[in-house]
Amino acid sequence: EAQVTQNPRYLITVTGKKLTVTCSQNMNHEYMSWYRQDPGLGLRQIYYSMNVEVTDKGDVPEGYKVSRKEKRNFPLILESPSPNQTSLYFCASSSMVPTPNYGYTFGSGTRLTVV
Amino acid sequence: AQSVTQPDIHITVSEGASLELRCNYSYGATPYLFWYVQSPGQGLQLLLKYFSGDTLVQGIKGFEAEFKRSQSSFNLRKPSVHWSDAAEYFCAVGMNYGGSQGNLIFGKGTKLSVKP
């Protein structure tokens, strides 16, 4: 089944403790992206990647890091989490070419709480 | 800069009534257009998309949307709403880079409530 897999689904952590949220896709998509979703603010892009070793900042990159060493994986790293990073996070992937079946495929989300 | 506006934050309709959710975008060329739905506690599911051809597109769950270039709009419609349609709906615009898709920009969403 074509899917984007995020782990973990839920995470509670303490301020300053480094964490990684994993994202993996099995569709051979070139494009991957991370979003955070907060009430009233919709989806805001954190980082995106158009191919292996190619990453770029989105609208709200501060406090986050990403890497794209393999095409299928795009982990989100919080080196020193703070309470304002408490949010619902989504990973998405897409082909870059608009074939009839293209469009973003989203993971199920990771609800992160930083205390 | 590209932007997407969903003017209605929250809409309530009665079950069986028709629905129209509005979406306006700002973009210099013909964009790729999407509608996603998010049920409570769930991820985002693609309802439908437009990138060329017929401006009226059909999607899943009985939804359709019409691209109107002159109005820079891509409104989502459904003739008869079901209680299970209660969810949050996001319009998104993808930039067209010479045939390749760039980033998607999302609207802030419209929350749909359905009255029995």
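Here B:Lys115, B:Lys78, B:Lys68, B:Lys61 are screened, and the one residue that is out of contact with any Cys (no Cβ under 8 Å at 6 or more places or on another chain), surrounded by 15 or more Cβ atoms within 10 Å (Cβ to Cβ) and among the basic types (Lys, Arg) is B:Lys78.
Once segment A:44-101 is narrowed to residues that are over 30 Å from B:Ile60 (Cα atoms) and of a type in the set (Lys, Arg), the residue that is surrounded by the most Cβ atoms within 10 Å (Cβ to Cβ) is A:Arg68. So, in segment A:15-43, of the ones that are among the aliphatic types (A, V, I, L, M) and in contact with a strand residue (DSSP E or B) (Cβ under 7 Å, 6 or more places away or on another chain), which residue ends up surrounded by the fewest Cβ atoms within 10 Å (Cβ to Cβ)? My answer is A:Met27.
For segment B:23-116, the strands (runs of 3 or more DSSP E) that sit wholly inside it and include 1 or more residues that are under 28 Å from A:Ile46 (Cα atoms), at the interface with chain A (Cβ under 9 Å from one of its Cβ atoms) and more than 13 Å from the chain's Cα centre (by Cα) are B:87-97, B:100-106. For A:Gly40, the conditions (1) farther than 18 Å from A:Leu88 by Cβ; (2) modelled with pLDDT under 90; (3) part of a loop (DSSP other than H, G, I, E, B) are fulfilled apart from (1).
Within segment B:1-22, the residues that satisfy the criterion of being within 17 Å of the chain's Cα centre (by Cα) and surrounded by fewer than 13 Cβ atoms within 10 Å (Cβ to Cβ) are B:Ser3, B:Pro7, B:Ile9, B:His10, B:Thr12, B:Ser18. Cβ separations smaller than 9 Å between residues 6+ apart or across chains give the following pairs from segment A:88-115 residues that are within 23 Å of A:Lys17 (Cβ to Cβ) and within 7 Å of chain B (Cβ to nearest Cβ) to residues that are modelled with pLDDT under 90 and part of a loop (DSSP other than H, G, I, E, B): A:Phe90/B:Gly43; A:Gly107/B:Gly43; A:Gly109/B:Gly41; A:Gly109/B:Gln42; A:Gly109/B:Gly43.
The values are calculated or read from the model by the stated rules, or taken from the named source; none is laboratory data. On a predicted model such as this, the values are computed, not experimentally measured, just so you know. Don't worry about glycine lacking a Cβ; one is built from the backbone with ideal geometry, like all the others, and counts go over all protein chains shown.
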